[in-house]
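Comments concern the structure below.
The values are calculated or read from the model by the stated rules, or taken from the named source; none is laboratory data. Fair warning: this is a prediction, and the values are worked out from it, not measured in the lab. FYI the Cβ positions are ideal-geometry reconstructions off the backbone, even for glycines, and counts take in every protein chain you see. Heads up: the accessible areas ignore ligands, DNA and RNA and are worked out on the full protein's heavy atoms, side chains in. Shrake-Rupley method; radii C 1.70, N 1.55, O 1.52, S 1.80 Å.
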Amino acid sequence: MSDEVSPSTGHGPLGPLAVSLSGGGYRAATFHLGTLRFLDRVGLLRDVVGLSTVSGGTITGMAWVVSQLDGKAFPEFYESYSAYLKRTNVISEALEGLTSKRDHGSHAWASLIRSAADVYAGPELFGDRRFGEVLGAQKLQLREAIFNTTEFHTGLAFRFRRSERPNTLLGNNTHSLPRSVAEHVRLADIVAASSCFPGGFEPLVFPQQFHWPHSFPLQDALKALGSGFERGLPLMDGGIYDNQGVDSLLLAFHDSSSIRLLISDVSVQEEQMYNVPSNPTQRGWVTLNGVSWLAWGLFALALVSAVILAGHGFSTAREDGWSWEDYFLYLVPGVLTAAVAGGLFWIRRRLKDVNALIKAQVEVDAWPSFRKLTVLEFAQMLVLRLSSLLALTSSVFMARVRGLIYKRVYQDPEYKGRRMANLIYALSEPYPGLFSEHPWMKPGPHLVKLAQQASQMPTTLWFTSGDQFEMLESAGEATVCFVLLRHILTEHKGQYEAEGTPLHELFQRLRKQWEVFNQAAAGVPEMVAA
């Protein structure tokens, strides 16, 4: 491999790189790992000076940053981290610890995202390491390392950022995070907050639900943060604001004309973001009003039964004495019927509270209309609302934001010739002009299939088989190889052809790797030495 660098920049032929790692659970974490591995293979990883991560991309990005703190070479990091992804089911382990690990001064209620943070804090990944290690690191090659979340008070990005620039803002303009507090934040909590996607997790409240060391307890954090954080700042997935993490890179490098962006993005193409669930085959006969009257009848029967059993039990105990059989004749049935009556009364009170809340919000008494609906109709209304709301937050909003960010990058002349989109589905896309001019660039059927399989991987925090990891990691490597070649061919015509230049050497290495990737064999073979 050539070690030639540009004498003017001290970097390789493409200059300094800023990489964004999108969200997408383990699909993102593994695809991005493959991307980083290939950059290392062809000598470009050392040129990465900017990193912005979201959700699943934050898991991989933070793990890579920690490996730099420990002085690990990338192959060593790859071996340990890939093994962690293959064996760790974050949700399964978080559920196991949901009720058994509620300490550290956090809120008393059960929190799945709090439990997931403890999974990331296991000794195999981040342990109890703090953000201060990243903020004050001398061994990082990164000028900017940004881990993105979204805060729900104002709907803005909330950034845990390490910058070479003094006095860089952490948090955001509305809720500034003092460095004196940030340095005590646990890395595992940052990863959890960044990957806290709606529907799967509840918000992670900062600072109350974060883990604080004994030397800097929650009370000290609250005092340093000020009144704006007294009730807690709810943080959720950074992808809600920008699932590609590009906005943070544009902010960090807005005054640099030499930075080249590599946007690693596992967002999938969806022909239909939402399909209406099928209606019930029949409307049914039982209305909510009927259910209400049935509940009243059951309440009355349970209450009368409890009173009668209590009376007979009292008479038996007073007149004939009390034997062990009487516990099952009077006491147990009496407790059960009383519990049914009490439970029905409690449910009715809560439903009245809900109706009162709706009435206060929309100034409409919903019950007179709802009572005429059948149970099936009401259930269908709930299903339609919940399913469409999930599609809105997980697909429609994210697609809209993604379109706005890409539009900003690709319509800005400042970024012309220095932007690369490493899209997970790129190998399955048609590029007629490129393939006509360079037929050798057209991916073989096995690579097209690989891209399609990678795109179909759901957004989870676990693997059901080792094949899923291998498929996604291989897709990351092959895709970024294709993207780099396409970038050189289209943006550097007349520059890469001259032998003996750094760009020509890089082009030859990439083409050699692409030929191996693209050979007509099932699957993706092992890479050759570059």
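Remarks
- Verdict on E79 being assigned to a helix (DSSP H, G or I), modelled with pLDDT of 95 or more and out of contact with any strand residue (DSSP E or B) (no Cβ under 9 Å at 6 or more places or on another chain): yes
- Residue satisfying condition, being over 27 Å from A192 (Cα atoms) and touching a residue at least 60 places away in the same chain (Cβ under 8 Å), within set E505, E437, E499, E473: E505
- Checklist (1) in contact with a helix residue (DSSP H, G or I) (Cβ under 6 Å, 6 or more places away or on another chain); (2) at pLDDT 95 or above; (3) farther than 11 Å from V266 by Cβ; (4) not in a strand (DSSP E or B) applied to H32, failing item: (3)
- In segment 95-144, residue modelled with the lowest pLDDT [restricted to those that are polar (S, T, N, Q) and within 17 Å of C196 (Cβ to Cβ)]: S106
- Number of positions in segment 273-289 that are over 30 Å from P458 (Cβ atoms) and either at pLDDT 70 or above or under 37 Å from the mean Cα position of the chain (by Cα) (or both): 6
- None of R143, R165, R179 is basic (K, R), out of contact with any Cys (no Cβ under 6 Å at 6 or more places or on another chain) and under 20 Å from A63 (Cα atoms) except R143.
- For segment 432-465, a residue qualifies if it is hydroxyl-bearing (S, T, Y) and farther than 24 Å from S20 by Cα, and the qualifying residues are S436, T464, S465.
- Filtered residues of segment 409-423 (kept if open to solvent by 40 Å² or more (accessible area, probe 1.4 Å), assigned to a helix (DSSP H, G or I) and within 23 Å of A28 (Cα to Cα)): Y410
- Residues in segment 180-235 that are of a type in the set (F, W, Y) and assigned to a strand (DSSP E or B): F201, F206.
- Inclusion of P443 among residues that are free of Cβ contacts under 8 Å to residues at least 40 places away in the same chain and farther than 15 Å from R27 by Cβ is not warranted.
- Test: residue in segment 246-256 that is touching a helix residue (DSSP H, G or I) at 6+ places or on another chain (Cβ under 8 Å), of a type in the set (S, T, N, Q) and either open to solvent by 80 Å² or more (accessible area, probe 1.4 Å) or modelled with pLDDT under 85 (or both): no
- The residues of segment 50-82 that are among the aliphatic types (A, V, I, L, M) and open to solvent by 40 Å² or more (accessible area, probe 1.4 Å) amount to a single one, A73.
- The listed residue being at pLDDT 75 or above, in a helix (DSSP H, G or I) and open to solvent by less than 50 Å² (accessible area, probe 1.4 Å), out of L344, L336, L376: L344
- Residue list for segment 463-496, restricted to those being open to solvent by 10 Å² or more (accessible area, probe 1.4 Å) and β-branched (V, I, T): T464, T490
Yes/no per residue for (1) charged (D, E, K, R); (2) in contact (Cβ under 8 Å) with a residue 24 or more places away in the chain; (3) open to solvent by less than 30 Å² (accessible area, probe 1.4 Å); (4) over 26 Å from I259 (Cα atoms):
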site	(1), (2), (3), (4)
K139	yes, yes, no, no
R143	yes, yes, no, no
R186	yes, yes, yes, yes
S194	no, yes, yes, no
F197	no, yes, no, yes
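- Against the conditions (1) surrounded by 11 or more Cβ atoms within 10 Å (Cβ to Cβ); (2) modelled with pLDDT of 70 or more; (3) part of a helix (DSSP H, G or I); (4) out of contact with any Gly (no Cβ under 6 Å at 6 or more places or on another chain), T393 satisfies every one except (2).
- Whichever residue in segment 436-449 is open to solvent by 30 Å² or more (accessible area, probe 1.4 Å) and in a helix (DSSP H, G or I) and, among such residues, is nearest to L262 (Cα to Cα): V448
- Test: residue in segment 158-165 that is part of a loop (DSSP other than H, G, I, E, B), over 16 Å from A29 (Cβ atoms) and open to solvent by less than 30 Å² (accessible area, probe 1.4 Å): no
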